[in-house]
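Novice: Sharing a structure below in structure tokens format, with a few things to ask.
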Amino acid sequence: MQFLGTFSKFEQCALNMSLINICDSESYVGQEMRQKYNSWKESTNEVAENLWLDLHKFTIYLPHPDQEYEDVTLEEGLTRGYNIEVEPVKDKSDLIYNIPKGGHFVVILRQRLVNGSFEIIGTGIFVRPLAIITLDAIIDSELGQYQSMLITHPIIRDYPPDWQNKLKMFLKGEIVTQELPSVVKYVDRAFNQDFRSPSWNEMYLAASGFANF
């Protein structure tokens, strides 16, 4: 993953931690997603099937590293994925991307000041089977300058051969999500009960070169 100075190390770790939580169906985010999806389907009298095939929006909040909260430490909140919101997309007409079935919309917001508001700094697509986010980070919104990057799962060391070409084909609509390599099962407790999500401290130490998962 190349950030090229767009994000600080703290923000890089927060993004990695967020991706870990989004990929894990048993995380706080996964449980919230399942609950909202089932409630939506119940309200529309539709059968709840595979929620990952229905389009969702993930909003990732990158707090200021000195931000404090009353009931939880910043580190614990990031570990549990409390900085992520998820909801089904009921109206696709407002989206800026043409997202293939099985992909999900991602919005990233940054808090520049302690207790300050959040501003949008990037949008992208979450591709679950590959456990990655394709991101367009905003460099200059007035000039329309963006930096495209891939956020890959920090725990998955070896992605299968040719996965980037498969990703491009999926985003172009040339293949369906079922034809992508499903590496996400290694980092989802619904499939891999031995998977243990790292803590924020472990994530930050790994980014500093002092620990490995």
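The values are calculated or read from the model by the stated rules, or taken from the named source; none is laboratory data. Since the structure is predicted, the reported quantities are computational estimates derived from the model, not experimental observations. Note that we place each Cβ from the backbone using ideal geometry, even for glycine, and neighbour counts take in every protein chain shown.
Novice: I'm checking my understanding of the structure. Among residues of segment 14-44 that are in a helix (DSSP H, G or I) and hydroxyl-bearing (Ser, Thr, Tyr), which one is nearest to Val106 (Cα to Cα)?
Specialist: Filtering segment 14-44 down to residues in a helix (DSSP H, G or I) leaves 14-23, 28-43.
So of that shortlist, the ones also hydroxyl-bearing (Ser, Thr, Tyr) come out as 18, 28, 37, 39, 43.
Values: Ser18: 11, Tyr28: 17, Tyr37: 17, Ser39: 21, Ser43: 24 Å.
Once the filter is applied, the top-ranked residue is Ser18.
Conditions tested, residue by residue: (1) touching a helix residue (DSSP H, G or I) at 6+ places or on another chain (Cβ under 8 Å); (2) among the hydrophobic types (A, V, I, L, M, F, W, C); (3) modelled with pLDDT of 95 or more; (4) surrounded by 15 or more Cβ atoms within 10 Å (Cβ to Cβ).
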{"position": "Thr134", "(1), (2), (3), (4)": "yes, no, yes, yes"}
{"position": "Ser148", "(1), (2), (3), (4)": "no, no, no, no"}
{"position": "Val176", "(1), (2), (3), (4)": "yes, yes, yes, no"}
{"position": "Asn192", "(1), (2), (3), (4)": "yes, no, yes, no"}
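Novice: Turning to a different aspect of this structure: Does Asp54 qualify as being more than 20 Å from Pro129 (Cβ to Cβ) and at pLDDT below 95?
Specialist: Against the criterion (more than 20 Å from Pro129 (Cβ to Cβ) and at pLDDT below 95), Asp54 does not qualify.
Novice: Would you pick out the residues in segment 31-41 that are in contact (Cβ under 8 Å) with a residue 24 or more places away in the chain and surrounded by fewer than 22 Cβ atoms within 10 Å (Cβ to Cβ)?
Specialist: Across segment 31-41, the qualifying residues are Glu32, Lys36, Tyr37, Trp40.
Novice: Going through segment 64-118 one residue at a time, which ones are on the phi > 0 side of the Ramachandran plot and free of Cβ contacts under 8 Å to residues at least 60 places away in the same chain?
Specialist: If the condition is that a residue be on the phi > 0 side of the Ramachandran plot and free of Cβ contacts under 8 Å to residues at least 60 places away in the same chain, then Asn115 is the only one that fits.
Novice: Which residues, counting only those in segment 130-174, are hydroxyl-bearing (Ser, Thr, Tyr) and not in a strand (DSSP E or B)?
Specialist: Within segment 130-174, Ser141, Tyr159 qualify.
Novice: Return the residues of segment 45-101 that are closer than 23 Å to Glu11 by Cβ, assigned to a loop (DSSP other than H, G, I, E, B) and either touching a Cys at 6+ places or on another chain (Cβ under 7 Å) or of a type outside the set (D, E, K, R) (or both); say none if nothing qualifies.
Specialist: Once the filter is applied, which keeps residues that are closer than 23 Å to Glu11 by Cβ, assigned to a loop (DSSP other than H, G, I, E, B) and either touching a Cys at 6+ places or on another chain (Cβ under 7 Å) or of a type outside the set (D, E, K, R) (or both), segment 45-101 yields Pro63, His64, Pro65, Gln67, Tyr69, Val72, Thr73, Gly81, Tyr82, Asn83, Ile96, Tyr97.
Per-residue answers, yes or no, for (1) hydroxyl-bearing (Ser, Thr, Tyr); (2) in contact with a Ser or Thr (Cβ under 7 Å, 6 or more places away or on another chain); (3) within 24 Å of Arg189 (Cα to Cα):
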| position | (1), (2), (3) |
| --- | --- |
| Ser39 | yes, no, yes |
| Val47 | no, no, no |
| Thr59 | yes, no, yes |
| Pro63 | no, no, no |
| Gly77 | no, no, yes |
| Gly102 | no, yes, yes |
| Phe118 | no, no, no |
| Ile121 | no, no, no |
